[in-house]
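Visitor: Let me give you the structure first, and then I'll get to my questions.
Each reported figure results from applying straightforward, stated rules to the coordinates on display, with no laboratory input. Everything quoted here is computed from the prediction, not taken from an experiment. Positions of Cβ are generated from backbone atoms using ideal geometry, with glycine treated the same way; all protein chains shown enter the neighbour counts.
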Amino acid sequence: MRLMRFTRSLNTIFIIPVTLSCLLPFNVAHAGLNKWVDEKGNVHYGDRVPANYLKKEHSLLNEQGVTLRTNKAMKTEEELEAEKKQLAIKAKEDTLRLIAEKKQALHDRMLLDTFTTEKDFILAIEARIDTVNSQISLAETLIKNDEKRLGDLKLHIKTIESSGRTPPQNLHKEVNTISYQIENNYAYVEDKTNERTEIQATFEKDLKRYRQLMKEKHQARENNKE
């Protein structure tokens with residue numbers, strides 16, 4: 001009975017070293033060995049890494065075959081160049097992000113400093129839109145008047161021509177002038193219409209942001225009270 005217990009204890013003591021030695025090649029059981037892999041995927045062990053593998057990934061093992069450190073493979077010129085480009089792209093993105101954050105912070109401050117209440121904010125935007133609407137209305141009135149003048153002028157020229165006479169040169173110049181004015185006013189109306197659309201889009205975005213800022217401001221006050 002005692003012999004069986006002693007044998008079992010010996011098995012317990014020596015089972016781990018024997019198992020480790022079975023898992024690794026014989027020469028890995030020494031300290032300071034290096035491990036590397038060749039082009040065919042074969043694993044090699046040795047005291048020194050061959051010169052042609054120093055730039056590739058290789059590891060240093062201890063006497064139990066445990067990796068102490070791993071030297072990563074050196075990057076190729078193409079990999080270094082690609083990494084350099086990625087770093088440049090990231091730096092540019094970070095710069096643009098910081099600029100956007102700064103602009104947003106300044107815009108937030110402007111909203112809070114300019115408008116005391118949401119009602120003030122809405123009234124201000126409505127006033128801007130009313131101004132643009134007035135400018136569009138005026139331009140459209142000018143277009144209507146000029147188109148009538150142009151029509152009358154062209155009819156007058158046609159009447160002169162139908163009588164066999166030559167219309168005065170100044171009538172043709174006036175036709176060109178009025179046509180130019182009409183064209184400019186149409187372009188002006190288009191620009192102002194686009195401006196109004198932008199104001200309305202910005203208004204909706206800024207109103208949403210203003211409400212969020214006021215909510216955060218109110219919450220901060222409540223937290224300070226507590």
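Visitor: What does the C-alpha gyration tensor say about the overall shape of the stretch 46-173? Classify as rounded when a/c is under 1.5, otherwise prolate if a/b is larger than b/c, or oblate. Walk me through the numbers before you get to the answer.
Guide: Details: a/c = 9.10, a/b = 2.50, b/c = 3.64.
Verdict is oblate for the stretch 46-173.
Visitor: If you place +1 on the Cβ of every Lys and Arg and -1 on the Cβ of every Asp and Glu, how big does the dipole about the Cα centre of the chain come out, in debye to the nearest 20? Kindly include the intermediate steps, with their values, before the conclusion.
Guide: Numbers: 38 positive and 35 negative charges, 259 e Å.
I would put it at about 1240 debye.
Visitor: Using modelled amide H (1.01 Å from N, peptide plane; none on Pro or chain starts), what sits under 5 Å from the amide H of H58, excluding residues fewer than 5 places away?
Guide: Here the answer is N71, since their amide H atoms fall under 5 Å of that of H58.
Visitor: At R0 = 30 Å, how high is the FRET efficiency between K84 and R48 if r is their beta carbon distance? Nearest 0.05 is fine. Each step should come with its number before you reach the end.
Guide: Values: r = 32 Å, r/R0 = 1.08.
After rounding to 0.05, the efficiency reads 0.40.
Visitor: Additional query: How much space per residue, in cubic angstrom, does the convex hull of the C-alpha atoms of the stretch 129-202 take up? All intermediate terms of the calculation are to be shown ahead of the outcome.
Guide: Numbers: hull volume 4.4 nm³, N = 74.
Roughly 59 Å³ of hull volume per residue.
Visitor: Sequence neighbours fewer than 8 away in the same chain don't count; with that in mind, list the aspartates and glutamates whose C-alpha is under 20 Å from K35.
Guide: Within the straight-line cut-off, K35 pairs with D47, E57, E63.
Visitor: Among the listed pairs K85/K208; K92/K192; K144/K205; K56/K90; K55/K84, which have their C-alpha atoms separated by more than 30 angstrom in this model? List each step's numbers first, then the result.
Guide: Working: K85/K208 38 Å; K92/K192 35 Å; K144/K205 35 Å; K56/K90 28 Å; K55/K84 20 Å.
Among K85/K208; K92/K192; K144/K205; K56/K90; K55/K84, the Cα-Cα distance tops 30 Å for K85/K208; K92/K192; K144/K205.
Visitor: Can I ask one more? Once the piece of chain linking S137 and T117 is laid out straight, how much longer is it, given 0.36 nm per residue of separation minus the C-alpha distance between them?
Guide: Working: separation 20, 0.36 × 20 = 7.20 nm, distance 3.06 nm.
My answer for the length gained is 4.1 nm.
Visitor: How large is the Rg to Rh ratio of the chain when both quantities use alpha carbon positions and Rh follows Kirkwood?
Guide: Numbers: Rg = 42.5 Å, Rh = 28.5 Å.
Radius of gyration over Kirkwood radius for the chain works out to 1.49.
Visitor: Using θ = phi - 60° and the Karplus form 6.51 cos²θ - 1.76 cosθ + 1.60, what ³J(HN,Hα) does each residue of the stretch 175-186 get, whole Hz, x for Gly and Pro?
Guide: 4, 5, 5, 5, 4, 5, 5, 4, 4, 5, 5, 5
Visitor: May I pose another question? In straight Cα distance, which aspartates and glutamates are under 20 Å from K225, not counting same-chain residues fewer than 8 positions off?
Guide: E216
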